[in-house]
Amino acid sequence: MPPDLRPSLPSPLTPLPDPRFDDHGVQLLLKRDDLIHPDLPGNKWRKLSLNLRAAEGRPLLTFGGAYSNHLRATAAAGRLLGVPTVGVVRGDELAGKPLNPSLAQCAADGMRLRFVSRADYRRRADPAYLSELLTPFPEAYVIPEGGSNALAAQGCTELGRELHGGTDVAAVACGTGGTLAGLAAGLAPGQRALGVPVLKGGFLEEEVVRLQSEAFGGRRGEWSLAEDFHWGGYARTPPELLAFAEDFETRHGVPVERIYVAKLLHALVELTARGAFPPGTRLTAVVTGRP
Ligand SMILES: *Cc1c(COP(=O)(O)O)cnc(C)c1O
């Protein structure tokens, strides 16, 4: 791994006094994965590292939406490794328009952006369509949407191992579920993982089982999902959620990423108020990214 890609691991685990937890006998801790790497923050470094090794210096081709943190991390990895990257972006209505800050950063890192219609995007696993996408770099290493595959899940087991002895419940916000799949597999017996999906749809349980089967040969670890904390779906951030995030930042001086981490922290406050965690629980929130 070139020096510029080296991570700062293990990430810090810090207790955070907060009456919304303390009053219920629950100790909140933050696992600061947002501090792992300046350009590949959070779970993105953990998910990409084994894939980058497997790519062995080949170009990288991957998929994402217009605000995908995974696209940004892949573009940064390509720059640091000196390999070409292609980002297939969902939505051809974006083509020819000014790039949003996230895609502008991808482009600045040298990523070639290819905007495709939603219909084409859905065909991304179809071999015929994929070989068309691969035309500029037929030998490219393909990473699925959101970076979640078996190697990504395997890379995230280290997150679980870093928490051995330090927590009872490890909670993480979920997009594609790769981080939860690996986290749960890496925890010790007696520890459990809790995933908070930020997308609506209820498809995640099946997806995490699929990823664990591919990565580890079957379901691993003790984990469950807390549905109903998605606030209407991906990237929906109603004023009440934004106010919650701002208040959390003011109380604790910790930056709160709005699309995933805010929903996670809010869910944990809610669940604690409802008595979901018995007194004495050490509850860790994985800070998977930064604003
Ligand atoms: C990508 C991302 C996630 C979701 O990770 P999955 O492995 O896709 O579930 C969570 N938090 C942040 C900040 C992310 O960028």
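The values are calculated or read from the model by the stated rules, or taken from the named source; none is laboratory data. Just so it is clear, the structure is predicted and the values come from calculations on it, not from any experiment. Cβ placement follows ideal geometry from the backbone for every residue including glycine, while neighbour counts extend to all protein chains displayed. What goes into the accessible areas is simple: the full protein's heavy atoms, side chains included, and nothing from ligands, DNA or RNA. Shrake-Rupley method; radii C 1.70, N 1.55, O 1.52, S 1.80 Å.
Of the candidates ALA267, ALA235, the single residue that is more than 13 Å from VAL196 (Cβ to Cβ) and either touching a residue at least 24 places away in the same chain (Cβ under 8 Å) or of a type outside the set (Ser, Thr, Tyr) (or both) is ALA235. Among residues of the range 26-47 being open to solvent by less than 20 Å² (accessible area, probe 1.4 Å) and in a helix (DSSP H, G or I), the one that is nearest to ILE143 (Cα to Cα) is LYS47. Contact map, the range 1-13: first residue at negative phi, second residue modelled with pLDDT of 95 or more and among the acidic types (Asp, Glu), Cβ cut-off under 6 Å, separation 6 or more or different chains; pairs are PRO10/GLU162; SER11/ASP33. Within the set ALA66, ALA108, the sole residue that is under 19 Å from the mean Cα position of the chain (by Cα) and not basic (Lys, Arg) turns out to be ALA66.
Among all positions in the range 181-203, there is no residue which is out of contact with any Pro (no Cβ under 8 Å at 6 or more places or on another chain), of a type in the set (S, T, N, Q) and surrounded by fewer than 19 Cβ atoms within 10 Å (Cβ to Cβ).
Mind listing just one residue for me: the one in the range 229-259 that is outside any helix (DSSP H, G or I) and under 20 Å from PHE21 (Cα atoms) and, of those, nearest to the chain's Cα centre (by Cα)? For the range 229-259, the residue satisfying everything is VAL256. For LEU199, the criteria (1) within 14 Å of the chain's Cα centre (by Cα); (2) farther than 25 Å from ASP228 by Cα; (3) outside any helix (DSSP H, G or I) hold in every case but one, which is (2). Considering only the range 91-105, state which residues are within 22 Å of LEU80 (Cβ to Cβ) and more than 20 Å from the chain's Cα centre (by Cα). Hits for the range 91-105 are LEU99, ALA104. When the range 2-25 is examined, which residues are found to be in a strand (DSSP E or B) and over 21 Å from the mean Cα position of the chain (by Cα)? Result: PRO15, single match. Residues that are within 25 Å of PRO15 (Cβ to Cβ), within 12 Å of the ligand (Cβ to nearest atom), open to solvent by less than 50 Å² (accessible area, probe 1.4 Å) and in a strand (DSSP E or B): does the range 158-172 have at least one? Within the range 158-172, one or more residues are within 25 Å of PRO15 (Cβ to Cβ), within 12 Å of the ligand (Cβ to nearest atom), open to solvent by less than 50 Å² (accessible area, probe 1.4 Å) and in a strand (DSSP E or B).
If you go through the range 260-291 and keep only what is in a loop (DSSP other than H, G, I, E, B), of a type outside the set (Gly, Ala, Ser), open to solvent by 40 Å² or more (accessible area, probe 1.4 Å) and under 21 Å from HIS24 (Cα atoms), you end up with ARG274, PRO278, PRO279.
Is there a residue being open to solvent by less than 10 Å² (accessible area, probe 1.4 Å) and farther than 25 Å from HIS230 by Cα anywhere in the range 142-152? Yes, the conditions are met somewhere in the range 142-152.
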